[in-house]
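Throughout, read-outs are computed from the coordinates displayed, never taken from laboratory work. Fair warning: this is a prediction, and the values are worked out from it, not measured in the lab. With ideal geometry, Cβ positions are generated from the backbone for all residues, glycine too; neighbour counts draw on all protein chains shown.
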Amino acid sequence: MSSLQSKIQSSKSKIPLKRVYLSLGSNLGDGAAQLRQALAMLPGAGVRVTGVSSFYKTQPVDFRPQPWFVNCVAKAATDLMPLNLLKRLKAIERALGRRPGGIPKGPRAIDIDILLYENAVVRSRGLTIPHERLGERRFMLVPLSEIAPEVRHPLTSLTIREMLAGTPDRSQVFRLKEQDEDRP
């Protein structure tokens with residue numbers, strides 16, 4: 001390895017990892033198995049999982065005539081910038097059978113959304129952080145509150161626990177038993 005390559009490698013290892021929270025959901029096939037597979041693929045995409053909520057059975061919100069979802073939230077660390085992280089997550093979705101198009105908010109094999117990325121606020125055509133509907137989604141707030149109740153929303157300064165208490169969403173969210181999750 002040349003000294004330049006050595007310096008580049010050394011500088012890469014000094015990039016601080018950013019804390020991120022990801023929402024994962026599936027309602028096609030074995031949803032829990034899809035979530036486990038997606039979680040297992042995250043490290044290969046440059047995302048180190050440091051915590052995972054319980055799995056939840058959740059009622060569809062916007063497009064109701066579809067199967068219920070299985071959802072969870074992962075706490076992770078990454079050195080990827082937000083848009084690169086999004087690209088990697090979309091690649092995992094494609095690898096697990098998600099195809100572009102279809103019914104908006106409709107059934108899907110896997111969906112991975114960035115809820116929070118440190119305290120960053122990102123507003124671009126392809127990415128919004130914090131997730132624009134976080135405060136209106138019990139299927140995101142319940143599992144996020146389980147693993148990060150005191151984390152604050154960077155725009156409202158409310159804790160996740162406070163956001164859950166104040167959400168207008170009344171959709172049903174049920175924690176699955178561990179044997180139903182069959183998590184590692």
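A few comments on the model shown:
- For region 15-181, lysine pairs with C-alpha atoms less than 25 angstrom apart, excluding pairs fewer than eight positions apart on the same chain, total 13.
- With distances taken between every two different alpha-carbon atoms, region 15-181 has a Kirkwood hydrodynamic radius of 15.9 Å.
- Net charge of neighbours whose Cβ lies under 13 Å from the Cβ of K87, counting Lys and Arg as +1 and Asp and Glu as -1: +2
- Listed residues K105, K90, K75, most fluctuating in the chain (Gaussian network, C-alpha, under 10 Å): K105
- For V122, the residues whose amide H sits under 5 Å from its own are I129, ignoring neighbours fewer than 5 places away on the same chain, with H placed 1.01 Å from N.
- Length released on extending from N84 to E136, taking residue separation times 0.36 nm less the Cα-Cα span: 16.1 nm
- Helix 31-41 and the longest principal axis of the Cα set of the chain meet at an angle near 10°.
- Calculated FRET efficiency for the pair A77/A165, C-beta based, R₀ 25 Å, to 0.05: 0.35
- Whole-angstrom gap from region 40-54 to region 132-148, using each part's C-alpha centre: 18 Å
- Each of Q37 and Q59 was given a label point 7 Å from its Cα along the Cα-to-Cβ line. The distance between the two points is 2.9 nm.
- Between the Cα long axis of helix 138-147 and the first principal axis of the chain there is an angle of about 60°, rounded to the nearest 10.
- Projected label distance in nm at T50 and D30, using a 7 Å step from Cα toward the beta-carbon: 3.1 nm
- Peptides 149-158, 113-122 ranked from most to least packed, by the mean per-residue count of other Cβ atoms within 10 Å: 113-122, 149-158.
- Length gained on full extension, N119 to R19, computed as 0.36 nm times the residue gap minus the Cα-Cα distance: 35.1 nm.
- Expressed as a fraction of 2.2 N^0.38 Å, the C-alpha radius of gyration for region 18-109 is 1.07.
- Theoretical gain in end-to-end length, R175 to A91 [0.36 nm per residue, Cα-Cα removed]: 27.4 nm
- Cα long-axis angle, helix 82-95 against the chain (0 to 90 degrees, to the nearest 10): 60 degrees
- Helix content alone sets the calculated 222 nm mean residue ellipticity of the chain: runs of n ≥ 4 DSSP H residues at -39500 (n - 2.57) each, divided across all residues, give -9000 deg cm²/dmol.
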